[in-house]
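Input: a single structure, listed below in structure tokens.
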Amino acid sequence: MNRINKVRLIAAFFTICSGVLLGVYSPASSSVHAQQPTGSVPTVTGTPSGAIVAVYSDLAQINVYSGPSTYFYPAIGVLLAGQKSPAYGYSEDKSWIQIYYPGVPNSVAWVYALYVKTVRIGPMPIIAAPPTPTPASTTVVDIDPTLVAAFSSPSIPTRLPTFTPQPAPLIIATFSENTSAVDRMPAGLLILGLGFIGGLGALISFLRGR
């Protein structure tokens, strides 16, 4: 065996030994895996049972309420045209329908029955209305009457004048005395004077005729 082959053989031997030593003394690499759940994950199989209602397509959107009334219960969301939702039952007068509506307490809401149509028939029992929301309490502030009296001046009520219609003025007819000379002259004297004047005129006529 020549010298070159001996060198190659020695180099190969040291290489093999180095690989063995590194494999024995190097720390073992361990792969970390995410913890997987031990239980089984439930999967939805089949279709939900019960009635399903859908908003009429000619309505852009409708409000959903926390109870079967627009007066006693607030609006808590909307349904768009054609949107479907599982229905649980009717109100006592059957004018409202309770539906499944996620994102609100108990995931239930109420819609007006005339705004939706039944797309799948199912059990629709009568459901009692929920309690009406309690109105927000208002704080009553007690006001000291003496403090109010210190800053307020008492007002004395004055009696309004009463209007009494005045009667129409009374017109009393008065008769003025006739103070003419004829009324003051006695009637007999007037006749005598006229007779004298007539006789005097007749005398003058007689004398002129002669």
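Nothing in this text is a laboratory measurement; each read-out follows from the coordinates by a stated rule. In this text the structure is predicted, and so the values were computed from the model without any measurement. Positions of Cβ are backbone-derived with ideal geometry, glycine not excepted, and every protein chain shown enters the neighbour counts.
Structure summary
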| quantity | calculated |
| --- | --- |
| Theoretical gain in end-to-end length, Gln61 to Ile204 [0.36 nm per residue, Cα-Cα removed] | 38.3 nm |
| Ranking of Ile76, Ile172 by count of other Cβ atoms within 10 Å, fewest first | Ile172, Ile76 |
| Sum of side-chain charges, Val111 neighbourhood, beta-carbon under 15 Å (Lys, Arg +1; Asp, Glu -1) | +2 |
| Inter-probe distance in nm under a simple model that places probes 7 Å from Cα toward Cβ, at Ala128 and Tyr100 | 2.5 nm |
| Whole-Hz ³J(HN,Hα) from phi, Karplus 6.51 cos²θ - 1.76 cosθ + 1.60, for the stretch 195-204, glycine and proline x | x, 5, 5, x, x, 5, x, 5, 5, 5 |
| Order of Ser95, Ser66 - criterion: other Cβ atoms within 10 Å of each residue's Cβ, fewest first | Ser95, Ser66 |
| Gained length - Phe72 relative to Ser107, 0.36 nm times residue gap less alpha-carbon distance | 10.7 nm |
| Estimated vicinal HN-Hα couplings, Hz - the stretch 114-120 in sequence order (Karplus 6.51, -1.76, 1.60; Gly, Pro = x) | 6, 8, 10, 10, 8, 9, 8 |
| Volume per residue of the C-alpha convex hull in the stretch 51-120, rounded to whole Å³ | 80 Å³ |
